[in-house]
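Below you'll find the structure, written out as structure tokens, and then a few comments.
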Amino acid sequence: MKIAVAKGDGIGPEIMEAVLKIFTANNVPLEYEFVDMGKWVFDKGFSNGMTPEAKQTIESLGALFKGPMETPKGKGVKSVNVTARKTWNTYANKRVFQTLHGVDTVFSKAGINIDITVVRENIEDTYGGIEHMLTHDVALSRRFITRPGSMQLIRYAFEMAKKKNARRITCGHKANIMKITDGLFLECFHEVAKDYPELKADDIIVDDLCMKLVTRPDTFDVVVLTNLQGDIVSDLCAGLVGGLGFAPSANIGDHICIFEAVHGTAPDIAGKNIANPTALLLSGISMLQHVGLIENAAIIENALLYTLESGVHTGDFGDKKIPSVNTTQFAEAIINNFGKQPKTNAKVVIPNKPGTPAPFKLAQNSMMISRESTDEKIVGVDMFIESEEQPLQIAKKCERHAGVKFKLVSISNRGTQVWPTGSVYTNLVNQYNARFESLDGDPLNQQDVIGLYVSLSGNFKICSFELLNMWGDKKAYSLAQGQ
Ligand code: NAD
């Protein structure tokens, strides 16, 4: 079985060498094809940070094991890490956080055992990366949450929770504020939950989740979140078990999976052979499990846990009274502990059941669609306009353009209604949302909206517009604060 390996930048090559040495010493039956990705590939002029050969190799092998990579700053290029995750639709980011004995934290000292798996959506949300300056003062970020994308992620999370005999699966969200986007994610969570009656499924508002994670982390098991909230919550969980040096990560897709540590390239310690390879090793162990090399995975994990329990540590953690070892010595200590059983959390050694990571060959992009049976109609439009005038003056102008099809129903600024009701104490910026609805409640068409756009543009610069849709009797848009 062959996998693609990218050593990465900074400490990447040192920690990758340590991990592959451990794999080789354990006779892991894998072959490695090294691919060119990272900063030096950007520097050679490849704007996505990987060579076409690297892309082809990864697509044909289906599994990539990667070290951390640096994104050049100020050159307008996108992170190769994010590009890789998105291009290959690795829709689930799975991160396991467990108490490691030998890694002191307030919880391990208090005897509170942590075993939390965060499943973070990996493609959508604000990471769609679509941002615009609407005016000189106003930036807008678009947040995509899709039904098929959420369903794909949440199904994976439930399947994974079932396999691990999870006590509980929890959806973290902010659906009380982001009613449409997080509301959709939460709706998908409860829809999928119906197919897994044996699992205790619940949801929690993300701020409450953060508070409870730091006060009672032992009450959580699997936690599912959208991309940005998941990014923040997963680093919070890393902090609970000792920091990013102990946080593995698997990016799971239907065809291609990427296994990597979540810490960066640590330029401050690169080249010194002192970096901690634990996070990359744990990510590698999760890769071995993924391709069915469960015996190797268990032996190596037990050796790692035993090594940590015995107090061996690199300089970034552990008992300061015990001298630290370097990266190579840490790897050697693990190799010397193959076959030993840790006192806590020992893994059962079961024979390998190797699968193949090689993906199906796809001829074209998959289209993910879920069909709504309810009628869809356009009932209005939000026009995002630039203006420094007061709300009343804007309303007068807008009403002149409303014509026979539209009525102006609301004007808001930074999401707060300022017309027809509002307060002079609401501070304004130079960008308003003028909401028009159908005058008589009849459905509108796109030509009507374009007509309004053309007319309004005589008075205002229109930065953007959004259609207001109804699906059956359900509004597919939110109201402004105060509307
Ligand atoms: P960082 O994680 O590289 O470093 C933060 C601190 O943690 C540093 O003090 C570093 O020495 C320490 N540290 C990190 N990993 C360690 C390890 N394995 N052992 C011991 N100490 C370790 O974060 P940063 O400084 O913000 O980022 C540096 C670069 O890494 C940036 O170019 C960034 O784009 C990149 N980055 C890459 C990834 C990735 O490839 N997945 C993730 C995050 C950051």
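The values are calculated or read from the model by the stated rules, or taken from the named source; none is laboratory data. Small disclaimer: the values here were computed from a predicted structure and weren't measured. Every residue, glycine among them, receives a Cβ derived from its backbone with ideal geometry; neighbour counts consider all protein chains shown. The protein model used for the area step is the full one, side chains on, heavy atoms only, and it has no ligands, DNA or RNA in it. Shrake-Rupley method; radii C 1.70, N 1.55, O 1.52, S 1.80 Å.
How much length, in nm to one decimal, is gained on full extension between Thr374 and Lys361, taken as 0.36 nm per residue of separation minus their Cα-Cα distance? Spell out each step's value before the answer.
On the way: separation 13, 0.36 × 13 = 4.68 nm, distance 3.59 nm.
My answer for the length gained is 1.1 nm.
Can you list the lysines whose alpha carbon sits under 19 Å from that of Lys407, skipping same-chain ones fewer than 8 residues off?
Lys377, Lys396, Lys397, Lys475
Rolling a 1.4 angstrom probe over the protein chains, ignoring ligands and nucleic acids, what is the accessible area of Ile450 in square angstrom, nearest 10?
Roll a 1.4 Å probe over it and Ile450 shows about 90 Å².
In square angstrom, what is the accessible area per residue of the chain with a 1.4 angstrom probe? Don't skip to the answer; put the middle values down first.
Details: 22970 Å² over 483 residues.
Counting only protein heavy atoms, the per-residue value for the chain is 48 Å².
Sorted from largest down, what three extents in whole angstroms do the Cα atoms of the range 200-249 have along their principal axes?
Extents along the principal axes: 30, 23, 19 Å.
Just subtract the alpha-carbon distance of Lys353 and Asp195 from 0.36 nm times their residue separation and send over the number in nm, one decimal.
Numbers: separation 158, 0.36 × 158 = 56.88 nm, distance 2.79 nm.
Contour length minus Cα-Cα distance gives 54.1 nm.
What distance in nm lies between label points placed 7 Å from Cα along the C-beta direction at Glu388 and Gln56?
Distance between label points: 5.7 nm.
Taking only C-alpha pairs under 8 Å that are 6+ residues apart, what is the relative contact order of the range 245-318 in percent? Show your work: numbers first, answer last.
Working: 69 pairs, mean separation 21.9, N = 74.
Reported relative contact order: 30 percent.
Using only the alpha carbons, work out the radius of gyration and Dmax of the range 120-235 in angstrom.
That works out to 15.0, 53 Å for Rg and Dmax.
If Lys and Arg each add +1 and Asp and Glu each add -1, what is the summed charge of the other residues whose beta carbon sits under 10 Å from the beta carbon of Ala84?
Around Ala84, the charge tally is +3.
Indicate, rounded to the nearest 5 percent, the antiparallel portion of the DSSP beta bridges found entirely in the chain.
The antiparallel proportion sits near 65 percent.
Per-residue accessible area for Ile369 at 1.4 Å probe radius, Å² rounded to 10?
It works out to around 100 Å².
May I ask you to compute the full-extension gain from Tyr477 to Asn459, defined as 0.36 nm times their residue separation minus their alpha-carbon distance, rounded to one decimal in nm?
Extra length from Tyr477 to Asn459 when fully extended: 3.9 nm.
Would you calculate the volume per residue, in Å³, of the smallest convex hull containing every Cα atom of the chain?
Numbers: hull volume 87.2 nm³, N = 483.
Each residue corresponds to 181 Å³ of Cα convex hull volume.
So how do Arg95, Arg147, Arg414 rank on accessible area, 1.4 Å probe, biggest first, that is with the largest at the start?
On the way: Arg95 5, Arg147 55, Arg414 160 Å².
From most exposed to least exposed: Arg414, Arg147, Arg95.
Enumerate the residues in the range 1-16 having an amide nitrogen under 13 Å from the point lying 7 Å beyond the Cα of Glu33 toward its Cβ.
1-6
Consider just the alpha-carbon atoms of the range 1-143 and return their Rg together with their Dmax, both in angstrom.
My reading of the Cα-based Rg and Dmax gives 18.9, 60 Å.
Rounded to the nearest 20 Debye, what is the dipole magnitude of the range 330-483 about its Cα centre when Lys and Arg each give +1 and Asp and Glu each give -1 at the C-beta?
The dipole magnitude comes to about 860 debye.
Could you sort Lys39, Lys44 by their accessible area in this structure, using a 1.4 Å probe and putting the largest first?
From most exposed to least exposed: Lys44, Lys39.
How much accessible surface does Ser412 have with a 1.4 Å probe, in Å² rounded to 10?
10
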